[in-house]
Structures are given as C-alpha cells and as structure tokens.
Amino acid sequence: MVARLIDEDPEGAYAYSRIALRLASRVAAVREAAGFAAYANQKFSEALAEFRAARRMTGSVELWPVMADCERGLGRPEKALEMAGAPEVQKLDKASQVEMRLVAAGARRDMDQLDAAIVTLQSPELASNSVQPWSARLRYAYADALLAAGREGEAREWFAKAVESDKDGSTDASDRLAEMDGVEFVDAFAEDEDDEDAERAQVTVSEEAGTRVPADDADDDADDVELADVATDDVDDDIDGGDLQDDEDDEDDEDDEDDEDDEDDEDDDLDDEGGDDSTGDAPVRPQS
C-alpha cells in the first residue's frame with residue numbers, strides 16, 4: 001500500500017507506514033518502506049532512522065545513497081560528502097553508484113561549489129551514448145549545474161540530451177529546454193476550462209439581468225400605470241355621474257308619485273262630498 005501511494009499521495013503513504021510500524025516494526029521491509037514514506041514527506045530525521053534500522057537488519061548497503069541524501073536534507077552536506085567517499089560505495093551496483101554521484105554533486109552545490117559539482121558529475125556514465133535508467137537524471141543534473149554556472153550553451157546541449165533519454169518523463173528537461181529557447185506552452189485544457197467558466201458567468205449574468213426591468217421599460221411601465229389610473233378615475237367619475245343622474249331621476253319619480261297621490265286625495269274628497277248629498281234624507285214621492 002505504501003509503495004502504491006507514495007508517488008500520488010505521500011501523506012497517505014506515510015500514514016499507512018506508521019500503522020505498519022506498530023504492527024511489524026521488526027520486519028526490515030516495513031522499516032525500509034516507512035523510511036521512504038518519511039523521505040517523500042521530507043521528514044528526513046525519521047527517514048534516516050528507519051533506513052539505518054533496515055540496514056542493520058539486512059546488512060545491505062543499497063540504502064547508502066538515500067541515507068546520504070537525508071544528511072543533505074538535515075543541512076549536513078559535509079556528512080553526505082563523507083559518505084560519498086566511504087568504502088560502502090564500492091559495494092553498490094552501477095545504478096546506486098550513479099545515485100551516490102548525484103547526491104555528492106548536490107552536496108557540493110549546497111556548499112556553493114558549482115565547479116566541483118560539475119566535475120563530480122563528469123563520469124563515464126555521463127559520457128556514454130547508451131541510454132540507461134539513470135541517464136536522464138544524470139544528464140539533467142549536469143545541465144542544471146552548467147546553467148547555474150552561467151554556461152548556457154553547454155546547458156542547452158545537455159538538456160536536449162536529457163530530453164532524448166527521458167522516455168518516461170521523470171524530469172522536466174523538455175520544459176527547461178523550451179524555457180531557454182523562449183517557447184511558451186499553452187495549456188489547452190486550462191483554456192477550455194476558462195472558456196467554460198466565462199460562459200457560465202455570462203449565462204448567470206444574463207439570467208440575473210432577465211429578472212431586472214431596464215430603466216426605459218420601467219419608465220414606460222410607470223407611464224402606463226399612470227394612464228391606467230387616469231382611465232380608472234374617469235370611469236369612477238362616469239359611474240359617480242350616473243349615480244347622480246339616477247338619484248335625480250328617482251327624485252323626479254317620487255315627485256310624480258306624490259303629485260298623483262295628491263290628485264287622488266282630492267278626487268276622494270270630492271267623492272265624499274257628493275256621497276253625502278245622495279245619501280241624506282231624500283224627499284218621498286207620493287204614490288199614485
């Protein structure tokens with residue numbers, strides 16, 4: 001698990017390594033894995049302690065270069081150089097010897113000894129035209145040291161050689177070479193993401209704008225409302241006028257009814273008077 005996570009998730013690998021240490025601290029492979037997990041997280045003191053423990057358990061010297069690099073990480077480049085000259089280096093395989101040379105050159109640069117670092121990297125492995133697993137990193141380190149020393153022409157040449165041998169992209173030699181040539185790379189995916197963000201922002205602004213009434217439209221709406229209010233007032237006035245006319249008509253009708261009632265009363269009075277005369281004591285005619 002530590003080996004699978006160490007490149008993509010160093011912190012996760014470190015967490016797993018601590019659990020493994022609690023469970024099997026006497027297993028050399030566990031101590032070595034814990035050392036690399038700590039090294040990946042720049043916990044150089046812990047890493048050095050784990051590497052030393054693994055070396056004591058196995059008796060192997062294969063961790064010697066990384067142990068020297070931990071000394072560099074702890075700010076002790078002199079100690080790293082001392083380890084680079086120790087007899088253990090002669091017991092290393094070719095790849096580990098090249099790694100030890102890289103650590104020693106780095107220690108020289110830590111001590112501001114650029115020329116010494118360049119000389120340290122000059123070796124048969126560097127001059128070889130064959131491509132080995134270490135070729136890209138060795139050529140890259142050499143080119144970087146030359147560039148730091150102000151030897152740009154030689155640095156560009158060796159960055160180009162590093163690009164040729166870096167089949168798995170373990171270095172950024174191509175970017176460094178392009179930077180020296182003044183070439184700028186554009187991340188197309190980043191541009192697409194920026195365009196999508198801009199489009200989303202525009203849509204959001206448009207939606208927000210759609211909820212607002214423009215100033216001219218608002219003025220027109222206000223005028224329409226005022227006209228509607230005026231029209232409503234006119235209707236109300238007409239209604240009120242109609243009510244007044246109806247009231248007047250009702251009053252006229254009431255007056256007419258009163259007049260008719262008065263006339264009927266007068267007729268009744270006359271009838272009453274006539275009735276009294278006919279129903280009074282009438283003369284009796286003699287019978288013949």
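Observations, loosely collected:
- Meets criteria (of a type in the set (S, T, N, Q) and assigned to a helix (DSSP H, G or I)) for Gln132: no
- Which numbered condition Arg137 misses (of (1) under 17 Å from Asp172 (Cβ atoms); (2) outside any helix (DSSP H, G or I); (3) not acidic (Asp, Glu)): (2)
- Some residue of the range 14-22 being in a loop (DSSP other than H, G, I, E, B) and among the charged types (D, E, K, R): no
- Verdict on Arg26 being free of Cβ contacts under 8 Å to residues at least 40 places away in the same chain and open to solvent by 80 Å² or more (accessible area, probe 1.4 Å): yes
- If you filter the range 108-129 down to residues that are without any contact (Cβ under 8 Å) to a residue 12 or more places away in the chain and in a helix (DSSP H, G or I), you find that the one that is surrounded by the most Cβ atoms within 10 Å (Cβ to Cβ) is Ala116.
- For the range 83-101, a tally of residues being in a helix (DSSP H, G or I), surrounded by 13 or more Cβ atoms within 10 Å (Cβ to Cβ) and not hydroxyl-bearing (Ser, Thr, Tyr) returns 11.
- Filter result for Ala105 (of a type in the set (Gly, Ala, Ser), open to solvent by less than 30 Å² (accessible area, probe 1.4 Å) and either in contact with a Ser or Thr (Cβ under 9 Å, 6 or more places away or on another chain) or within 28 Å of Tyr142 (Cα to Cα) (or both)): yes
- Number of residues in the range 72-102 that are touching a helix residue (DSSP H, G or I) at 6+ places or on another chain (Cβ under 6 Å), under 20 Å from Ala136 (Cα atoms) and of a type in the set (A, V, I, L, M): the value is 3.
- Candidate set: the range 1-23, residues that are farther than 18 Å from Leu63 by Cα and of a type in the set (Gly, Ala, Ser); chosen: the one least open to solvent (accessible area, probe 1.4 Å): Ala13
- Filter pass, Tyr39 being within 30 Å of Pro124 (Cβ to Cβ), among the hydroxyl-bearing types (Ser, Thr, Tyr) and either open to solvent by 60 Å² or more (accessible area, probe 1.4 Å) or not in a loop (DSSP other than H, G, I, E, B) (or both): yes
The values are calculated or read from the model by the stated rules, or taken from the named source; none is laboratory data. The model shown is predicted, which means the values in this text are computed figures rather than measured ones. We place every Cβ from the backbone using ideal geometry, glycine too, and count neighbours over all the protein chains shown. To get the accessible areas, we keep the full protein, side chains included, count just its heavy atoms, and leave off ligands, DNA and RNA. Shrake-Rupley method; radii C 1.70, N 1.55, O 1.52, S 1.80 Å.
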